[in-house]
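Engineer: Starting off with a structure, shown below.
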Amino acid sequence: MLWYIVGGLLGVILVVITVLWLSGERWKFIRHSTTQFFKESGWIRFLNFKSMHGYIYLRWTDHYIHLCTNFIAPLFKTRVVNWLADRYHGKVLTHELARAIITLNEEIPLKDLEQIIPYPTARQLVLHGSSDILLSECPCRSFREDPCQPTQVCMIIGQPFVNFKLEHSPHTSRLVSKEEALKLLEEEHERGHIHSAWFRDVALDRFIAICNCCKCCCAGVEGMMKYGSPTMASSGYVSELNEGLCTACGLCVEACAFGAISINGDKAEVNWEKCLGCGVCTTQCPDGAFSLILDERKGIPMDVRMLSDN
C-alpha cells in the first residue's frame, strides 16, 4: 500500500511539473540549475521517472540516504540493497587514481566498464573532466550520532550537479579549486579514509562524485558488510604483505573497512576475496609492511590516464 501511495504522489508531481513545463511557467518557480538538470536528462528519462528520481536524490540526498540506510535496508535487506547497487554504485580508488580524476581536463567515454563496475548501466557511463568542484556535507556522516570529522568531504564534480547543489544547499556546500580538492584528498588519505568514485543511472548516466569514506559512517560500506550488497567494486589492486616487516601490531585490522586483514600468530594475513585495494593499510601500518599490487582478477583500475584516447 505504501508503494502505491508513493507512486501516486510522484505521478501527481510529474503531471504538474510537465504541465507547467509545457506552459512555459517553469521559469517562474524552478531554479535555473533544476531546469538545466531536466534539460540534460531528456524527455524519455523525465517521463519514465529516472530524472525525477535523480532530482529527489540530488535535492534531498541526506534524507534519501538516511531513509534507505535506517529504514528501507533493514526492512527489505538484501533485495533492496542489491536493487540500489544496480543504480548507485562506487569504485574504490587508490590515492593516486583519485588525484588523477581531480586533475582531469577532458571528457572521456569510459570503455568496457563491465570489467570495472559490474552493473547493467556501466556501458553508458561517461566521466566528465571539469574545473567545477564542489565540497558538500557527507550525507552518510550527517545522520550519525558521532560522525567522523570533518563532515564536508564529498566532492561533487561537473555540471549540472555542481550548480544544482550550490543553489539548493548553499549553507552546506562550497566551490573549491583543484588545489583545495587535492589537499582534502591528501588529508583524508592520511586519516585512513577510502577514496571512491560514485555513479548513478539517474544522474545522467555518468560519474557524479568522489567520496572519502570511513568504515563507521559510509552507507556503501555498511551495505556491503551488513547485507552483502555489491555496492562497491575493487580498485583493481590488492594489498600485499611483506612478512619480514610485519610486527603483528593489529593496527591494520582496525584500519581495514572491509574486514580483509586478520592476525594469525605473529603476522598479519590478507584475505584476497575481501580486499578491495583501497590502500588504507599501506598508510596506517607503522612498519610499512603493506603495498598495493595490480591484480587483473580484481578488474581494471579506473585510471583516466589509461582511458584517454590521447
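Engineer: Looking at (1) polar (S, T, N, Q); (2) surrounded by fewer than 21 Cβ atoms within 10 Å (Cβ to Cβ); (3) closer than 26 Å to Arg144 by Cα, find the lone condition where Thr231 falls short.
Structural biologist: If we test Thr231 against (1) polar (S, T, N, Q); (2) surrounded by fewer than 21 Cβ atoms within 10 Å (Cβ to Cβ); (3) closer than 26 Å to Arg144 by Cα, just (2) comes out false.
Engineer: Residue check: is Pro230 in contact with a helix residue (DSSP H, G or I) (Cβ under 7 Å, 6 or more places away or on another chain) and under 25 Å from Leu294 (Cβ atoms)?
Structural biologist: Values: in contact with a helix residue (DSSP H, G or I) (Cβ under 7 Å, 6 or more places away or on another chain): yes; under 25 Å from Leu294 (Cβ atoms): yes.
The answer is yes for Pro230.
Engineer: Within the bounds of the range 196-203, is there any residue that is closer than 27 Å to Thr282 by Cβ and aliphatic (A, V, I, L, M)?
Structural biologist: In the first step, residues of the range 196-203 are kept if they are closer than 27 Å to Thr282 by Cβ; the result is 196-199.
Then drop every residue that is not aliphatic (A, V, I, L, M), which leaves 197.
Looking through the range 196-203, at least one residue is closer than 27 Å to Thr282 by Cβ and aliphatic (A, V, I, L, M).
Engineer: Hey, can you tell me all the residues within the range 206-227 that are touching a helix residue (DSSP H, G or I) at 6+ places or on another chain (Cβ under 7 Å) and closer than 15 Å to Ile65 by Cβ?
Structural biologist: Within the range 206-227, the first condition is being touching a helix residue (DSSP H, G or I) at 6+ places or on another chain (Cβ under 7 Å), and the residues that meet it are 208, 210, 212-213, 215, 217-219, 222-223, 227.
Hits for the range 206-227 are Ile208, Cys213, Cys217, Cys218, Ala219, Glu222, Gly223, Tyr227.
Engineer: Do you know which residues across the range 242-273 are under 24 Å from the mean Cα position of the chain (by Cα) and crowded, with 18+ Cβ neighbours inside 10 Å?
Structural biologist: Those that are under 24 Å from the mean Cα position of the chain (by Cα) and crowded, with 18+ Cβ neighbours inside 10 Å: Cys252, Ala255, Cys256, Ala257, Phe258, Ala260, Ile261.
Engineer: Suppose we filter Ile157, Ile117, Ile133 for residues that are more than 19 Å from Ala257 (Cα to Cα), touching a His at 6+ places or on another chain (Cβ under 8 Å) and at pLDDT 80 or above; which single one remains?
Structural biologist: Numbers: Ile117 fails: at pLDDT 80 or above; Ile133 fails: touching a His at 6+ places or on another chain (Cβ under 8 Å).
Among Ile157, Ile117, Ile133, only Ile157 is more than 19 Å from Ala257 (Cα to Cα), touching a His at 6+ places or on another chain (Cβ under 8 Å) and at pLDDT 80 or above.
Engineer: Please state which of the following conditions Phe164 fails to meet, knowing it meets all the rest: (1) crowded, with 19+ Cβ neighbours inside 10 Å; (2) under 19 Å from Ile101 (Cα atoms).
Structural biologist: The number of the failed condition is (2).
Engineer: Any residue at all in the range 149-156 that is touching a residue at least 12 places away in the same chain (Cβ under 8 Å), more than 20 Å from Cys68 (Cβ to Cβ) and not assigned by TED's automatic domain parsing to the domain that holds Phe258?
Structural biologist: Within the range 149-156, the first condition is being touching a residue at least 12 places away in the same chain (Cβ under 8 Å), and the residues that meet it are 151-156.
The next check asks that each one be more than 20 Å from Cys68 (Cβ to Cβ); those that pass are 152, 155.
Restricting the remaining residues to those that are not assigned by TED's automatic domain parsing to the domain that holds Phe258 gives 152, 155.
There is at least one residue in the range 149-156 that is touching a residue at least 12 places away in the same chain (Cβ under 8 Å), more than 20 Å from Cys68 (Cβ to Cβ) and not assigned by TED's automatic domain parsing to the domain that holds Phe258.
Engineer: Within the range 136-145, take every residue that is surrounded by fewer than 21 Cβ atoms within 10 Å (Cβ to Cβ) and modelled with pLDDT under 90 and give me the one that is nearest to Glu180 (Cα to Cα). Break it down stepwise before answering.
Structural biologist: Of the range 136-145, the ones surrounded by fewer than 21 Cβ atoms within 10 Å (Cβ to Cβ) are 137, 142-145.
Among the residues that remain, those that are also modelled with pLDDT under 90 are: 142-145.
Values: Ser142: 22, Phe143: 26, Arg144: 26, Glu145: 28 Å.
Within the range 136-145, the match that is nearest to Glu180 (Cα to Cα) is Ser142.
Engineer: If you check every pair at least six apart or on different chains, which have Cβ atoms under 7 Å apart with a residue in the range 257-268 that is at negative phi first and a residue that is of a type in the set (Val, Ile, Thr) and in a strand (DSSP E or B) second?
Structural biologist: Cβ pairs passing all conditions: Ala257/Ile194; Ala260/Val270; Ile261/Val270; Ala268/Ile261.
Engineer: Provide a single number: the residues in the range 216-232 that are touching a strand residue (DSSP E or B) at 6+ places or on another chain (Cβ under 9 Å) and closer than 15 Å to Cys256 by Cα.
Structural biologist: Going through the range 216-232 one residue at a time, the tally reaches 5.
The values are calculated or read from the model by the stated rules, or taken from the named source; none is laboratory data. Quick caveat, the model's predicted, so the values are computed rather than measured. Neighbour counts are summed over all protein chains in view; Cβ atoms, including those assigned to glycine, are modelled from backbone coordinates with ideal geometry.
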